[in-house]
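As structure tokens, the structure follows; a few thoughts come after it.
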Amino acid sequence: METTNHTSSHQSASPSARHILHADLDAFYAAVEVLDDPDLAGKAVMVGGDPENRGVVATASYEARVFGVHSAMPMRTAVRLCPHGIIIHPRFDRYRQLSRAVMDVFHEFTELVEPLSMDEAYLDITEAVEAGRLPLAVALELKNTVHEKTGLTLSVGAGTSKSVAKIASDLHKPDGLVVVAPGEEREFLAPLVVGKLWGIGPKTGQRLRADGIETIGDLASQSTGWFQRRFGKRALDVQSRAMGEDREPVRTEREAKSVSAESTFATDLTGEDNLYPHLSRLAGRVAQHLEGKQLKGKTVTVKARLADFTTFTRQTTLPYPTGSDTVILETAWRLFSRELTPGRSFRLLGIGVSGFTEDEEFQLPLFGEEQLIGDGATAQRSENPT
Ligand code: TTP
Ligand code: MG
């Protein structure tokens, strides 16, 4: 196990410091396949769709990643890069089962668990630390308990904010453990590339680099006025994240108001063939997040930004709550395809689901979900020129 402690040995936090863990299972779907078939251990495992059928890699074992295989890559490309790779079709029910077992372990450590997807969550462990435990000890126990109870390994980052914890957990994957001590956030973040910061996508990263801002340290040393000019409404958020000082609370499932995913493209895109795959991927991500949070919502929102930065949203409310990627995608596509006039060029797409049900249980529709989404939905329009 790799254990890195970016700390000086003493950990006297200021009284108000929070202590947050970000935990993320390693190569989740592939790891489950290895768990259930030990013959696969140490082999290049690629979980995903059929290469003959334009299938996509959901995830790959670290042995396959060495060859350049990664999530969202066409399986055909993966097979070319890693011909000896073993392709396995996903078994979502089994992944959900293990996800629940892992989340149950998280809940043994604190009530304050914010799942982000099936294999990832924030844990606020401030209470345990205030009771005298070191974040490092809690993180180690979390890793050990998950491994004992499920056989899976995870990477954990610990810090005084969600963004620092998340960056830390990603740093020494797989089986990583990185603790950033209170007061050392800026030093920890400084050498990392700006793209590691939540909210800095490839395009923003590229523009910052053009201005000589490569690292989070370069970013953090800019003036407040510069952040304001550069990021407008988002200035304070970006600045506080760059300085490792963001105050975003860990939100338990019930507090979530909406679940969304968006992406800015490396180049502006036109046409159904180019845009549909992105919408499909976003729908999958949103469905995965909903699944992780055990939520279903009735309202589906599509957000789009044109090449000229005009931004608009289109929204519809379904007659029943859903968490299904198919329903979300079909609904989003129905909303979006109306906006897809020939030649119209898009720089960003996003999908959100909101309007969560209060009840744990709700009536399933008598018809299949897919049949229902065609009718019964009401559309709203809203525009905002950001
Ligand atoms: P991730 O945590 O992003 O990836 P991972 O757990 O496979 O690998 P890592 O060690 O880097 O954390 O996603 C969790 C699971 O979600 C992943 O096992 C498969 C699924 N997934 C997709 O289906 N499509 C995707 O594009 C991504 C990124 C993940
Ligand atoms: Mg993972």
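Taken together, the values in this text are just the output of simple stated rules run on the coordinates, not laboratory data. All values derive from a computational prediction rather than experimental measurement. Glycine also receives a Cβ, built like all others from the backbone with ideal geometry; neighbour counts cover every protein chain displayed.
Here is how the numbers come out for the structure above:
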| item | result |
| --- | --- |
| Longest to shortest principal axis, alpha-carbon extents of segment 1-189, angstrom | 58, 32, 25 |
| Theoretical ellipticity at 222 nm over the chain - DSSP helices of four or more residues, -39500 (n - 2.57) apiece, nearest 500 | -11000 deg cm²/dmol |
| Mean separation of Cα contacts under 8 Å (6+ apart) over length of the chain, as relative contact order % | 15 |
| Cα-based Rg and Dmax for segment 257-324, where Dmax is the largest Cα-Cα distance (Å) | 13.1, 37 |
| 32 Å tail of the calculated P(r), the chain, as % of Cα pairs | 39 |
| Amide H contacts of residue 322 (H built 1.01 Å from N, under 5 Å, at least 5 apart or other chain) | 297, 298 |
| For segment 170-309: rounded, prolate or oblate by the Cα gyration tensor [a/c cutoff 1.5] | oblate |
| Residue 243 paired with residue 107, simple spin-label distance in nm, labels 7 Å along Cα-to-beta-carbon | 3.8 |
| Stretch in the chain that is longest and holds no GluC sites (Glu not before Pro) that DSSP places in a loop and that have at most 15 other beta carbons within 10 Å | 112-244 |
| Separation of alpha-carbon centers, segment 217-262 and segment 272-329, rounded to whole Å | 23 |
| Whether segment 193-242 is rounded, prolate or oblate, judged on the alpha carbon gyration tensor where a/c under 1.5 counts as rounded | rounded |
| Members of 43/203; 196/233; 162/233 lying beyond 32 Å, as alpha-carbon distances in this model show | 43/203 |
| HN-Hα J in Hz across segment 54-59 - Karplus 6.51, -1.76, 1.60, θ = phi - 60°, x for Gly and Pro | 6, x, 10, 6, 7, 7 |
| Part-to-part distance (alpha-carbon centres) for segment 120-140 and segment 173-196, which is given in Å | 17 |
| Share antiparallel - DSSP beta bridges, segment 1-189, percent rounded to 5 | 70 |
| Fully extended contour minus Cα-Cα distance, from residue 209 to residue 221, at 0.36 nm per residue | 2.9 nm |
| Against the rule of thumb 2.2 N^0.38 Å, how large the Cα Rg of segment 100-198 comes out | 1.04 |
